[in-house]
Amino acid sequence: MKVCSFTGHRTVADGVYSSLAKLIDAAVDYAYKNGCRKFYTGGARGFDTMAARAVILYRISHPDVRLCLLLPCKNQSEKWCGSEVQSYEYILSVADEVEYVRDDYTDGCMRERNFKLAAVCDILIAYSGRQKSGSAQTVRFAKEAGKTVYNLYARANGINS
């Protein structure tokens, strides 16, 4: 069974949200048509949440799809606002699998999560526009491992690349 992972920035500009949501939907369908049945997200705010919600909706018409959360630590949402926590808890409640890298936050738990997201996938769908970020790190890990990487950032932001 092939695996698709998602990685992206925690903030998505309001003006980009709609176009990015459509690109994520298309990416989920593309990955599915290319054999992916397991879809991993890192559980962060922003892009990860958008991707998880897209997989949840896709799963309605494709019951063989599994949403897997690969989370850095059990207290990841500790400092998030109320609506972000509600969304996170909903995604946790409907996920097919949940794996924690660490019980509590450590300096290396995010990096370890990023490495695992890259290691487990056949296809990585990214929303990465900065060189120094966790999502850029995950993209680098995936490319170094010879994985197929699609970065939606330029298309979502109307940038010709």
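Per-residue answers, yes or no, for (1) touching a Leu at 6+ places or on another chain (Cβ under 7 Å); (2) surrounded by 13 or more Cβ atoms within 10 Å (Cβ to Cβ):
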position: ARG53; (1), (2): no, yes
position: ASP64; (1), (2): no, no
position: LEU67; (1), (2): no, yes
position: LEU70; (1), (2): yes, yes
position: SER93; (1), (2): no, no
position: VAL98; (1), (2): yes, yes
Wholly within the stretch 101-161, helices (runs of 4 or more DSSP H) carrying at least 3 residues that are under 27 Å from LYS74 (Cβ atoms): 109-120, 134-144
Complete set of residues in the stretch 56-77 that are within 15 Å of ARG10 (Cβ to Cβ) and in a loop (DSSP other than H, G, I, E, B): GLN76, SER77
How many residues does the stretch 1-55 contain that are aliphatic (A, V, I, L, M), in a helix (DSSP H, G or I) and either under 22 Å from LYS116 (Cα atoms) or touching a helix residue (DSSP H, G or I) at 6+ places or on another chain (Cβ under 8 Å) (or both)? 13
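Any chance the stretch 1-12 includes a residue that's of a type in the set (Gly, Ala, Ser), open to solvent by less than 10 Å² (accessible area, probe 1.4 Å) and within 19 Å of SER133 (Cα to Cα)?
yes
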Report, by residue number, each residue of the stretch 22-37 that is free of Cβ contacts under 8 Å to residues at least 60 places away in the same chain and either within 12 Å of GLY8 (Cβ to Cβ) or touching an Asp or Glu at 6+ places or on another chain (Cβ under 8 Å) (or both). ARG37
Checking GLU112, GLU78, GLU89, GLU84 in turn, the sole residue that is exposed (fewer than 13 other Cβ atoms within 10 Å of the Cβ) and either of a type in the set (S, T, N, Q) or within 17 Å of the chain's Cα centre (by Cα) (or both) turns out to be GLU89
Restricting attention to the stretch 13-51, which residues are open to solvent by 10 Å² or more (accessible area, probe 1.4 Å) and in contact with a Cys (Cβ under 6 Å, 6 or more places away or on another chain)? LYS38, TYR40
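The values are calculated or read from the model by the stated rules, or taken from the named source; none is laboratory data. Model, not experiment: these values are computed from the prediction. Every residue, glycine as well, gets a Cβ built from its backbone with ideal geometry; the counts of neighbours run over all protein chains shown. Heads up: the accessible areas ignore ligands, DNA and RNA and are worked out on the full protein's heavy atoms, side chains in. Shrake-Rupley method; radii C 1.70, N 1.55, O 1.52, S 1.80 Å.
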